[in-house]
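Colleague: My questions all concern the structure below.
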Amino acid sequence: MSSGAPRGSGQIVRLSRGASLSDFADRIEANPGSLVQEMFNLGEMVTATQSCSDETLLLLGEHLGFDVQIVSPEDEDRELLAQFNIDLDAEVAEDRLVSRPPVVTVMGHVDHGKTKLLDAIRKANVVEGEAGGITQHIGAYQVHVAHDGGERAITFLDTPGHEAFTAMRARGAQVTDIVILVVAADDGVMPQTIEALNHAKAADVPIVVAVNKIDKPDANPDKVRQQLTEYGLVAEEYGGDTMFVNVAAKPGIGVEELLEAVILTADASLELTAPIDGPAQGVAIEAHLDKGRGAVATVLVQKGTLRAGDSIVAGGAHGRVRAMFDENGTAVIEAGPARPVLVLGLTAVPGAGDTFLAAEDDRTVRQIAEQRQARRRAASFANSRGRATLETLMEQLKEGEKTSLNLVLKGDVSGSVEALEDALFKLDIPEEIQLRIIHRGVGAITESDVMLASASSEAVTIIGFNVRASNKVRETADREGVEIRYYTVIYQAIEEIDAALKGLLKPEYEEVELGSAEVREVFRSSKVGMIAGCIVRSGLLRRNAKARLLRDGAVVADNVTISSLKRFKDDATEVREGFECGLTLAGYNNLQVGDIIETFEMREKPR
Ligand SMILES: Nc1nc2c(ncn2[C@@H]2O[C@H](COP(=O)(O)OP(=O)(O)OP(=O)(O)O)[C@@H](O)[C@H]2O)c(=O)[nH]1
């Protein structure tokens with residue numbers, strides 16, 4: 001059956017990855033309907049505006065006699081940069097290369113000690129002797145270790161876990177050189193150990209195994225070595241080529257040996273060099289909007305040197321580097337390869353995994369950013385055309401065809417939102433359920449998020465990852481019947497959403513908010529540390545209750561306890577709305593005026 005679609009004789013048709021039949025029709029000056037008909041004849045039901053797989057586009061091209069070439073987003077970006085005479089992959093003369101530190105990501109099963117290990121490594125920054133200095137979380141940090149009579153640097157990405165790793169890879173950013181796979185010696189190899197290992201293998205990244213918690217009485221480090229041989233990781237002492245190091249992150253045992261193993265692995269299997277001169281290139285690791293400082297992004301320089309004052313573009317954001325800081329909050333004026341720095345001066349928040357580069361002038365970076373934004377808008381428009389609209393979805397729901405879980409994702413940094421989204425789409429979702437992310441963003445949960453959710457359908461849940469909603473927004477949510485759930489651990493969010501999807505969600509405890517207070521004054525006491533003078537804004541505060549601390553709508557401390565509570569000079573067990581009080585938080589000593597203290601209790605949830 002002929003449908004009137006034109007036939008080619010081998011002409012090249014370039015299509016963006018995920019193009020629709022309509023896009024294809026545009027290129028060959030055909031009627032989109034004719035291509036739908038052709039696909040139907042080939043046995044596939046595809047609508048004109050739906051985003052197509054590579055296979056579909058290639059199949060149709062072959063059938064019609066066109067040489068379809070699918071252009072990946074990375075290729076498109078290369079072509080865009082070429083217009084500005086920028087070539088990210090330009091060959092650099094051997095004598096212009098310098099060796100650079102390895103970049104390491106820590107992965108492993110939940111609770112096996114990734115975070116503790118990252119902390120221990122930070123503290124073991126032996127050469128610079130920064131002990132006592134307070135390092136800030138900027139998404140990455142560098143340590144210096146003594147090696148072979150000299151000094152070597154190692155860069156750590158300090159968002160542990162493979163979610164962030166895969167989210168970056170999904171954007172085409174290959175950042176990690178070495179993976180430290182943490183396995184708790186008392187627990188052994190667990191499902192996420194294998195997952196992490198597979199991610200590292202898929203990315204062709206060498207692994208160093210940190211056998212952790214060897215201080216525990218039931219630790220069995222040899223068993224870990226044995227278990228991992230089944231997955232192709234054979235310890236050197238067993239004749240293999242993977243370095244295993246016994247550590248105990250909590251008391252800080254074996255950290256130097258582990259760092260030594262990282263250096264040895266880098267030297268044995270990688271040639272880590274990069275040009276140090278020329279405009280900087282690299283990857284944005286995480287970014288967020290700061291009330292006072294605007295867009296704040298941590299970038300990892302991969303080539304060249306980034307300098308204060310440089311014009312840069314990161315994803316669709318551009319600007320001039322107003323100031324740069326390292327993980328100790330110290331201002332830096334230049335950053336070479338493998339150096340992570342926090343950058344101020346971008347006009348917008350880039351995504352985690354977005355490439356960044358410095359260019360000649362403001363105009364170039366602005367034009368690159370604008371073109372990227374335009375391309376993204378076009379791509380997301382194409383996607384939304386392909387997806388069912390909310391109306392069609394609601395019709396389906398009414399007809400009982402499909403159930404859907406609609407989510408709005410809000411997080412403190414773009415990396416966490418992406419990691420969450422990525423992990424969500426990897427869930428094994430029952431067929432009759434649709435999972436939709438109707439909106440995602442960085443920052444506190446706002447009135448407009450709630451309105452968006454309530455306008456959509458009944459089944460919208462807002463997920464706050466390390467961010468909260470203000471009392472006012474919460475009231476709106478209650479009124480509109482919009483559910484808001486808060487998480488601080490990706491794994492936990494995923495687990496609960498997974499359970500919700502499968503209709504199994506029956507948490508035994510729920511958080512019941514007691515009240516909130518605003519910090520009006522802070523003072524230090526040599527005896528009890530930091531005291532906050534507060535006014536209770538809603539509900540009540542109770543001594544020994546759990547609390548979390550919010551600053552500009554973001555959670556800065558969670559799960560702390562109100563350790564003392566006073567009205568004037570007297571100890572109080574409770575202080576109610578409208579009253580002033582003084583309090584201290586156990587485990588948190590950096591209170592600031594304007595901070596909001598939210599307190600809550602865990603209560604058994606009625607079934
Ligand atoms: N005894 C002992 N406990 C440890 C050690 N390392 C970590 N822990 C404990 O193990 C628990 C989990 O450690 P984390 O560092 O939070 O583990 P994680 O892998 O980052 O966990 P997730 O973020 O939940 O995936 C904490 O209670 C730590 O105190 C260790 O070397 N020895």
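The values are calculated or read from the model by the stated rules, or taken from the named source; none is laboratory data. Just so we're clear, the structure is a prediction, and the values are computed from it rather than from any experiment. All Cβ positions, even for glycine, are placed from backbone atoms using ideal geometry, and neighbour counts span all protein chains on display.
Colleague: In segment 484-516, what residues are modelled with pLDDT of 70 or more, among the aliphatic types (A, V, I, L, M) and not in a helix (DSSP H, G or I)?
Modeller: Within segment 484-516, ILE484, VAL489, VAL512, LEU514 qualify.
Colleague: Residues that are within 16 Å of ASP290 (Cβ to Cβ) and assigned by the TED database to the domain that holds ALA140: which strands (runs of 3 or more DSSP E) entirely in segment 301-357 hold 2 or more of them?
Modeller: none
Colleague: Please determine whether any residue of segment 266-283 is among the hydrophobic types (A, V, I, L, M, F, W, C), closer than 26 Å to GLU370 by Cβ, buried (at least 23 other Cβ atoms within 10 Å of the Cβ) and away from the ligand (no atom under 16 Å from the Cβ).
Modeller: Checked segment 266-283: at least one residue is among the hydrophobic types (A, V, I, L, M, F, W, C), closer than 26 Å to GLU370 by Cβ, buried (at least 23 other Cβ atoms within 10 Å of the Cβ) and away from the ligand (no atom under 16 Å from the Cβ).
Colleague: Continuing with the same structure: Which one of the conditions (1) over 30 Å from ALA369 (Cβ atoms); (2) in a loop (DSSP other than H, G, I, E, B); (3) touching a residue at least 12 places away in the same chain (Cβ under 8 Å) does GLN50 fail to meet, given that it meets all the rest?
Modeller: (1)
Colleague: Return yes or no: is ASP54 acidic (Asp, Glu) and under 30 Å from PRO275 (Cα atoms)?
Modeller: In short, no.
Colleague: Right, something else. What residue, among those in segment 197-246 that are under 9 Å from ALA185 (Cα atoms) and within 28 Å of the chain's Cα centre (by Cα), is surrounded by the most Cβ atoms within 10 Å (Cβ to Cβ)?
Modeller: Applying the filter and picking the extreme gives ASN212.
Colleague: If you don't mind, another one. Can you name every residue in segment 95-125 that is more than 12 Å from the ligand (Cβ to nearest atom) and small (Gly, Ala, Ser)?
Modeller: SER99, ALA124
Colleague: Turning to a different aspect of this structure: Looking at segment 209-234, which of its residues are more than 16 Å from the ligand (Cβ to nearest atom) and within 15 Å of ILE180 (Cβ to Cβ)?
Modeller: Matches in segment 209-234: LEU228, LEU233.
Colleague: Is segment 46-56 home to any residue that is outside the structural domain of ALA358 (by the TED database), touching a strand residue (DSSP E or B) at 6+ places or on another chain (Cβ under 9 Å), over 30 Å from ALA210 (Cβ atoms) and not β-branched (Val, Ile, Thr)?
Modeller: Yes: one or more hits.
A quick yes/no check of all residues on (1) over 30 Å from GLY443 (Cβ atoms); (2) surrounded by 16 or more Cβ atoms within 10 Å (Cβ to Cβ):
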residue: ARG524; (1), (2): yes, no
residue: ALA545; (1), (2): no, yes
residue: VAL556; (1), (2): no, yes
residue: GLY582; (1), (2): yes, yes
residue: LEU585; (1), (2): no, yes
residue: VAL593; (1), (2): no, no
residue: GLU601; (1), (2): no, no
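Colleague: Has segment 579-592 got at least one residue that is outside any loop (DSSP other than H, G, I, E, B), assigned by the TED database to the domain that holds VAL528 and among the small types (Gly, Ala, Ser)?
Modeller: Scanning segment 579-592, I find at least one residue that is outside any loop (DSSP other than H, G, I, E, B), assigned by the TED database to the domain that holds VAL528 and among the small types (Gly, Ala, Ser), so the answer is yes.
Colleague: In addition: What number of residues within segment 171-208 satisfy the criterion of being within 13 Å of the ligand (Cβ to nearest atom), assigned to a strand (DSSP E or B) and under 14 Å from GLY232 (Cα atoms)?
Modeller: Residues meeting the conditions: 1.
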